[in-house]
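Derivation of every value follows stated rules applied to the coordinates shown; laboratory data play no part. Fair warning: this is a prediction, and the values are worked out from it, not measured in the lab. Reconstructed Cβ throughout: ideal geometry from the backbone, glycine too, with neighbour counts over all protein chains shown.
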Amino acid sequence: MMAPCRNGFGQKAILTVSGLLLVLLLVSSASAQGKTAAYPPFPPGYVSIKVFDNQNRFVGRILPEKRYSAPIDQIPVFLQNALVAVEDARFYEHGGIDIRGITRALVKDVAKRKMAEGGSTITQQLIKNKYLSGEKTIGRKVKEGLLALEYERKYTKKQILEMYFNEVYFGNGAWGIVQAARLYFDKYPSELTDAECALLAGVPKAPTRYNPLGKPAITRDRKNLVLKRMAALKMITAAQEKKLRVQPIAVIQPTEAPYYLAHVRHKLSERFGESVIERGGMEVTTAMDLKLQRLAERVLREGVRKISPQLQGALLCLDPGTGDVLAAVGGIDFKQNPYNRAFFAKRQPGSAIKPLIYAAALEKGFPAGGIWNDDPVAYTWGEHRSWKPRNYARERHGEISLRRALAYSDNIITVKLLDAIGVPYFVYFAGTLGLSLRSPNDLSLALGTDEVTLNELVSAYIPLVNGGSRAEPRTIIRIYDRHSNAWIENPPAVTPVLSPAVGFITTQMLRDVLVYGTAKSLAGFSRNRPAAGKTGTTDDYRDAWFIGYTPDLITGIWMGYDKPRSLGKGFTGGAACAPVWGRFMTAALQDKPAVDFPQPEGVETLLIDPETGYPAVPDCPTRREEFYLPGTLPTELCPKHGGAGLMPDNAVPVGPVAPLDPPLGR
């Protein structure tokens, strides 16, 4: 006699058997809901959208997100048999519940002292996927059994199989056989080979483990198990089993550059409408450089993770001459969080906005060598409100040139400069560069308080390096449409918006940022090749930026939390983003010769005393070459070191009279 069960699990197992036996005796009148085709049929003639980089290297596919169904006559008989063999060998014999299978599973469950073996039929699995949760309870199993019996009364076996194949999960976001065949093999279900069918039939048991993109040894063993069971059930011969075990299967590898392709999807939908993704049939040549894209993803991920596992980041690399987006990374892990921060996340840029203010000031006639002081100033508005900008860490630099003020990221001088040129003018100026800022009334714009995207900010820097021309960011170069058998070209959009001389002088100022300024950690990089850039750090250290460029590439990096919060005093653009920029650009440019920024016509040079901003005389202790727009050179020799009177007439270029010193200091 069998010993009485002395544990709670054994009692639950007995209750389960009793409950399900009762179901067989008292068939419930519960109605089965749903139709055999819960989703629209897959449109004929579909070909996935294929994406290539600018060297015609395959990057991946853009697939429809909608679910479609396949009728049973479009699902290979081999696949139907393979599923039955591995999931429910008595499918055509039972009426929805397989008592043998349940008993066998319960014996194993009692031995393991847990509900591990389900004993579910294909019909029960269908019911669970459509209506019930995955919890392993007796109540759920009874409901499942009741509905399974009702389904068997209402539908034929072929109808149940059809619903199962269109409902079950095949891993990696593929629900149903249509999505699975398309994702893993880029085929219709009817086009699947026998070996591919065997592989897919083994997936529903554990989609994460057995899907075709899983570990090869595991997926191979699972496929071979399916074939072994088919042979045991006489569905295939031993010779067929042997042949199919070694038949090669070409699984399409996962799409690369997911953030970049997500933006390509967005641009296609924006131009052609949402239905274009479902229609398919396109081959898209992008501006991406796949090698740079891979590099960008790796370098950004490593740099961000080194700071904090929960931190996010984005990187954007463009060709400044064409606006081609060579690499775009919108986050650290696309599967975990597909939000594209490179194009859509609006954050405060902090001091990364300052180069645009200094460029606007140059256009207004304020020279880079002009001396300003950073004595604190209070600004009032209304009756009782005032604001007193301060420098980072309350530093004071005294009287320094605009060049040094930009390199040191002096907040006080930048606010004074914005006040001098006027906020409305700067908002207009930024707009010509493609950067839309809020209504002009706020000096806090000098500190980057208005939110922008990484894409917008990087794009606004392009005229500084591109001879004053704005190049619209371009992700798609051309499209081949199979439906119309035609090519659609998307040429670069480049528009002059800025004086080439202003762009050049601003760039020369920004070169100092990498030499002795807030990004001096990149001094080694700047010694090897000419480069310019600017850091950005927002209030309370919530966002960190670095936008930098060489004549060949412009790259911007942002880091921060999606829900803004402080990372502490050390989290600055110079400390967090600049090193990542340096690693990326060093590798990206390793095969390119170092070239200098070309000096355009209209730029004048003068040897000055950088401490006074006046033309240097022999007794000046330090001298440096400074760049000027026509008509803005100082005309008086350095009075501090023995200079007296005006420079000789032949040393002053022909042009309008130089502007007066700015009202807030020289």
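At a glance:
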| item | result |
| --- | --- |
| Test item: Cα-centred dipole of the chain, Lys/Arg +1 and Asp/Glu -1 on Cβ, debye | 4280 |
| Cα centroid separation, segment 137-177 to segment 543-620 (Å) | 61 |
| Equivalent ellipsoid semi-axes - Cα gyration tensor, segment 546-597, angstrom | 27, 10, 9 |
| For segment 370-411 and segment 265-293, distance of Cα centres in Å | 47 |
| Positive-end residue, segment 214-325 charge dipole about Cα centroid, Cβ charges, pick of 276, 235, 315 | 235 |
| Tensor-based shape of segment 472-570 (alpha-carbon gyration tensor, a/c under 1.5 rounded, otherwise prolate or oblate) | oblate |
| Distance between modelled label sites at residue 65 and residue 419, nm, 7 Å Cα→Cβ extension | 4.9 |
| Segment residue 587-residue 569, length gained on full extension (0.36 nm per residue, minus Cα span) | 3.5 nm |
| Virtual paramagnetic centre 7 Å along Cα→Cβ of residue 247, amide N under 11 Å, in segment 172-211 | 192-199 |
| Peptides ranked, highest mean first, by Cβ atoms within 10 Å: ranges 445-458, 493-506 | 445-458, 493-506 |
| Near-label residues of segment 459-503 by backbone N, under 16 Å of a point 7 Å along Cα→Cβ of residue 604 | 501-502 |
| Extension reserve of the residue 396-residue 153 stretch, reckoned as 0.36 nm per residue once the Cα distance is removed | 79.0 nm |
| Normalised contact order of segment 346-469, rounded percent, pairs of Cα under 8 Å and 6 or more residues apart | 34 |
| Two-site FRET efficiency, residue 483 against residue 336, from Cβ-Cβ distance with R₀ of 35 Å, rounded to 0.05 | 0.50 |
| Square roots of five times the Cα gyration tensor eigenvalues for the chain, Å | 69, 27, 21 |
| Whole-number percent relative contact order across the chain, with pairs defined as alpha carbons under 8 Å at least 6 apart | 12 |
| Cβ crowding within 10 Å averaged over residues, with 482-492, 201-211, 421-431, 322-332 ranked highest first | 322-332, 201-211, 421-431, 482-492 |
| Rg ratio (alpha-carbon, reference 2.2 N^0.38 Å) - segment 589-648 | 1.47 |
| Pairwise label distance in nanometres, residue 383 with residue 186, each label 7 Å out on the Cα-Cβ vector | 7.1 |
| Radius 14 Å from Cβ of residue 500, net charge of other residues (Lys, Arg +1; Asp, Glu -1) | -2 |
| Theoretical FRET efficiency, 1/(1+(r/R0)^6), r = Cβ-Cβ of residue 596 and residue 516, R0 22 Å, to 0.05 | 0.70 |
| Neighbour-limited loop hits for GluC sites (Glu not before Pro), segment 124-225 (at most 16 other Cβ within 10 Å; DSSP other than H, G, I, E, B) | 135 |
| Cα-centred dipole magnitude for segment 294-391, charges only on beta-carbon of K, R (+1) and D, E (-1), debye, nearest 20 | 440 |
| Listed peptides 371-379, 79-87, 182-190 by packing density, highest first (mean Cβ within 10 Å) | 79-87, 182-190, 371-379 |
| Subset of 291/354; 346/416; 128/154 violating a 20 Å alpha-carbon distance limit | 291/354; 346/416 |
| Label-to-label distance, nm, for residues given as residue 346 and residue 562 (7 Å Cα→Cβ offset) | 1.9 |
| Base-10 log of normalised Debye intensity for segment 325-370 (one unit scatterer per alpha-carbon) at q = 0.26 Å⁻¹ | -0.95 |
| Leading residue at positive end of dipole, segment 484-640 (Cβ point charges), from 528, 593, 557 | 557 |
| Lys/Arg +1, Asp/Glu -1 at C-beta; the chain dipole; positive extreme among 184, 378, 423 | 184 |
| Rounded to whole Å, sorted largest first: equivalent-ellipsoid semi-axes of segment 526-614, Cα gyration tensor | 30, 20, 11 |
| Neighbourhood charge, 15 Å Cβ-Cβ cut-off, centred on residue 298 and excluding it, Lys, Arg +1 and Asp, Glu -1 | +1 |
| Radius of gyration, Dmax [segment 248-311; alpha carbons; angstrom] | 15.7, 44 |
| Listed residue pairs exceeding 25 Å between alpha carbons, taken from 66/130; 215/243; 141/215; 50/187; 364/534; 158/205 | 141/215 |
| Under 14 Å, Cβ to Cβ, from residue 273 - net charge with Lys/Arg +1 and Asp/Glu -1 | 0 |
| Anisotropy class of segment 314-422 from Cα gyration tensor, a/c 1.5 cut | prolate |
